[in-house]
Amino acid sequence: MTIPQLFRKHSVGGTTLHTCHPCRRAIPYRIYAVIHTCGIIALMYHHVHSLLTANNTLITCLLLLSDIVLAFMWATTTSLRLNPVHRTEYPEKYAAKPEDFPKLDVFICTADPYKEPPMMVVNTALSVMAYEYPSDKISVYVSDDGGSSLTLFALVEAAKFSKHWLPFCKKNNIEDRSPEVYFSSKSHSQSDEAENLKMMYKDMKSRVEHVVESGKVETSFITCDQFRGVFDLWTDKFTRHDHPTIIQVLQNSETDMDTTKKYIMPNLIYVSREKSKVSPHHFKAGALNTLLRVSGVMTNSPIILTLDCDMYSNDPTTPVRALCYLTDPEIKSGLGYVQFPQKFLEIGKNDIYACENKRLFNINMVGFDGLMGPTHVGTGCFFNRRAFYGPPSKLILPEIDELRPYRIADKSIKAQDVLALTHNVAGCIYEYNTNWGSNIGFRYGSLVEDYYTGYMFHCEGWRSIFCNPKKAAFYGDSSKCLVDVVGQQIRWAVGLLEILFSKKSPIFYGFKSLGLLMGLGYCNSPFRPFWSIPVTVYGLLPQLALIYGVSVFPKASDPWFCLYIFLFFGAYAQDLLDFLLEGGTCRKWWNDQRMLMIKGLSSFFFGFIEFILKTLNLSTPKFNITSKANDDDEQRKRYEQEIFDFGTSSSMFLPLTTVAIVNLLAFVCGLYGILFCGGELVLELMLVSFAVVNCLPIYEAMVLRKDDGNLPKRISFLAGNLTVVLIVSSYFVLK
């Protein structure tokens, strides 16, 4: 689809289902891009000239390297600012008859009942089962990659409760279809029916949480006789890394009705694929491909929704919004997926950990959408099943006919031959000598399977759509502790570097397949770990120079001084404007850029190290699940008070703490030099002042706080010693 085609209404049968229009900031941004590019070229000239004439080439080389990284990162961001678009869809105009709605398969992934509580999975499943959508068209598949009987028990309970919950939601037009959210709301109905349901939900929640706390499913808690034998599979030899396939149909739309006998119930299927210690399982991508095959055998719906276990539905009309695009005859043949942004519940007023990821989930998305479409972010995505089987122009056939994307699944999902085949395709050796993970399905080769899969879809010729309605489609839980945020970012950094240095790297394969702007846009995230280079250099080098009164930047009287001021404030002003125009605030932007500094000195830094060790076969990358169980009241209280929680003692914060101490010392020395010695190191002092203000939470955690979330004394002590070493050793470099 060409860009001019995007800027118009799209109609089906004379009815406008969606519109697309460019952002007004596009033209001013293009003009500024030319001016800023000229400034960068001038800066590079200045560095090269300094390199030829300066006495200290090491300092100049470090500054040149840092500015090259910053210039490239700016280019990748600017490529997404040249043609941003906003879309509007009109689900109320989608007038298909119930029998004409396409079938929908929902994939929900979980892997650990303690980090991802089963009741969280239950609420996510119930929220999508109760969609404002023909129930007999919905099939919910829950992948339990931890193979936990606790999760299965919770879903058995959810299936029983859903027969009461679904008719209640549809009859009363309930908006919050996650029971936990609805019954926690002060505005929920006080009717007898609602109160009875609330009691039923509390009883279910109590049973599930008791089972989780005890760590086993006691026979007395199993009330459904048809599932008693299933739990016998969890023997002493059953482990999360070595166990057989378990597939259970917990609810069948062919036979199950709600308690009022008015609504057909959606399918609910529990899937735990076979695992073996000697067979690679490819983390979440492997689990999703198993669901793709199992669902292909059972229901083979043309549309697939993927969700994380904590991302419950916040809008029951969301599937119809996606259909406004996926059923549009003008674009559906080349449309791979419709991506909704990730939104998070209970985000603090100023989002101190930048968990909203507004740059990734909003700002960059509208830029991508004006090109070939947004990246895939792992959840809240409606896929065209056909997109998993090769480019739009070339269907790659799977190894068996039952997995073909256009096949009509007309057998009962509980038929013996169907169940037998699902167990076969969920086996740990099924993918050997097949195209799964390379040319078919979710792609293997990176810990960030979502980004890689979306990237490969675009390279194959599929486009995507960014759907960002005013009412959030999904809500999830965010981390309340800095160590959890940083830990998750390390995994992402390793996965992104795996993509960058692969055969399908965006820097080579991406430019060839996608063109200049889209290729640059796809370089933005994989190159993000390189941010640690300029953050480290600019966090230490000018500061150490300031301590010794040595100039590394042009003085205020030098004409080049204005260029540095222009580039610094211009880049930050544009970034702030992006935030404000996409619904952010100044305080959130400040916290976001602060977190970018923290990530550069922690997660990106250590992600680089972990990737290098993995490349040298000195370590194995691990898919560490981020805990979504926010049970620590003190931790939650600190988050609400916007106090940084550094969690348990971790070496991840050693570089960050060292940089904070160096900047504080440099600020004192620089201020003394300016006030009493007539120093001219204005740029150095400005940079140090900016860093010190950013580091205020670190100083507070080092000195003033006594709570459990402060910086451990061990880290502060080591950072102090490392600071002394840096100051002493830099004397010989700077002098």
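The values are calculated or read from the model by the stated rules, or taken from the named source; none is laboratory data. Here the structure is a predicted model, which means the values were calculated and not measured. Here the Cβ is made from the backbone with ideal geometry for all residues, glycine too, and neighbour counts use every protein chain on show. Just so you know, the surface numbers come from the protein's heavy atoms only, side chains and all, with ligands and any DNA or RNA stripped out. Shrake-Rupley method; radii C 1.70, N 1.55, O 1.52, S 1.80 Å.
Look at region 278-293: where a residue is on the phi > 0 side of the Ramachandran plot and a partner is among the acidic types (Asp, Glu), sitting 6+ places away or on another chain with Cβ atoms under 9 Å, you get HIS282/GLU431; HIS282/GLU449; PHE283/ASP145; PHE283/GLU449.
For region 211-227, a tally of residues being within 31 Å of the chain's Cα centre (by Cα) and either buried (at least 16 other Cβ atoms within 10 Å of the Cβ) or of a type outside the set (Gly, Ala, Ser) (or both) returns 3. The number of residues in region 168-202 that are open to solvent by 80 Å² or more (accessible area, probe 1.4 Å), of a type in the set (D, E, K, R) and more than 15 Å from ALA130 (Cβ to Cβ) comes to 3.
Annotation note: Cβ proximity below 8 Å between a residue of region 704-732 that is more than 17 Å from GLN635 (Cα to Cα) and a residue that is open to solvent by less than 70 Å² (accessible area, probe 1.4 Å) and not in a helix (DSSP H, G or I) (sequence gap 6+ or interchain) occurs for ARG714/SER649; ILE715/SER649; ILE715/SER650; SER730/TYR548; TYR731/TYR548. Do we find a residue being touching a residue at least 40 places away in the same chain (Cβ under 8 Å) and crowded, with 18+ Cβ neighbours inside 10 Å anywhere in region 47-56? No - not one qualifying residue is present in region 47-56. Of all residues in region 484-497, those being in contact with a helix residue (DSSP H, G or I) (Cβ under 9 Å, 6 or more places away or on another chain) and either closer than 22 Å to MET120 by Cα or open to solvent by less than 10 Å² (accessible area, probe 1.4 Å) (or both) number 8.
Note on region 355-371: residues that are surrounded by fewer than 24 Cβ atoms within 10 Å (Cβ to Cβ), assigned to a loop (DSSP other than H, G, I, E, B) and of a type in the set (A, V, I, L, M) total 0. Tallying residues that are of a type in the set (Val, Ile, Thr), within 27 Å of THR19 (Cα to Cα) and surrounded by fewer than 21 Cβ atoms within 10 Å (Cβ to Cβ) within region 309-354 yields 3.
Residue by residue, here is whether (1) touching a residue at least 60 places away in the same chain (Cβ under 8 Å); (2) touching a His at 6+ places or on another chain (Cβ under 8 Å); (3) outside any helix (DSSP H, G or I); (4) closer than 18 Å to GLN489 by Cβ holds:
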| position | (1), (2), (3), (4) |
| --- | --- |
| PHE530 | yes, no, no, yes |
| VAL537 | yes, no, no, no |
| PRO542 | yes, no, no, no |
| ASP558 | no, no, yes, no |
| LEU596 | yes, no, no, yes |
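Checking HIS10, HIS36, HIS18, HIS86 one by one, the residue that is touching a Leu at 6+ places or on another chain (Cβ under 9 Å), of a type outside the set (A, V, I, L, M, F, W, C) and at pLDDT 90 or above is HIS36 and no other. Annotation note: of VAL662, VAL692, the sole residue that is within 25 Å of LEU596 (Cβ to Cβ), among the β-branched types (Val, Ile, Thr) and in contact (Cβ under 8 Å) with a residue 40 or more places away in the chain is VAL662. Out of all the residues in region 14-53, which are assigned to a helix (DSSP H, G or I) and either among the hydroxyl-bearing types (Ser, Thr, Tyr) or at positive phi (or both)? If the condition is that a residue be assigned to a helix (DSSP H, G or I) and either among the hydroxyl-bearing types (Ser, Thr, Tyr) or at positive phi (or both), then TYR29, TYR32, THR37, TYR45, SER50, THR53 are the ones that fit.
Applying the criterion of being over 18 Å from LEU397 (Cα atoms) and in contact with a strand residue (DSSP E or B) (Cβ under 9 Å, 6 or more places away or on another chain) to the residues of region 423-445, the residue that is most open to solvent (accessible area, probe 1.4 Å) is HIS423. Mind counting the residues in region 381-404 that are closer than 18 Å to GLU460 by Cα, crowded, with 17+ Cβ neighbours inside 10 Å and over 27 Å from the mean Cα position of the chain (by Cα)? The total comes to 1.
Here THR422 passes the criteria (1) in a loop (DSSP other than H, G, I, E, B); (2) touching a Lys or Arg at 6+ places or on another chain (Cβ under 9 Å); (3) over 30 Å from MET73 (Cβ atoms) except the one numbered (1). Of ILE408, ILE440, all but one fail to be under 26 Å from the mean Cα position of the chain (by Cα) and more than 23 Å from VAL494 (Cα to Cα); the exception is ILE440.
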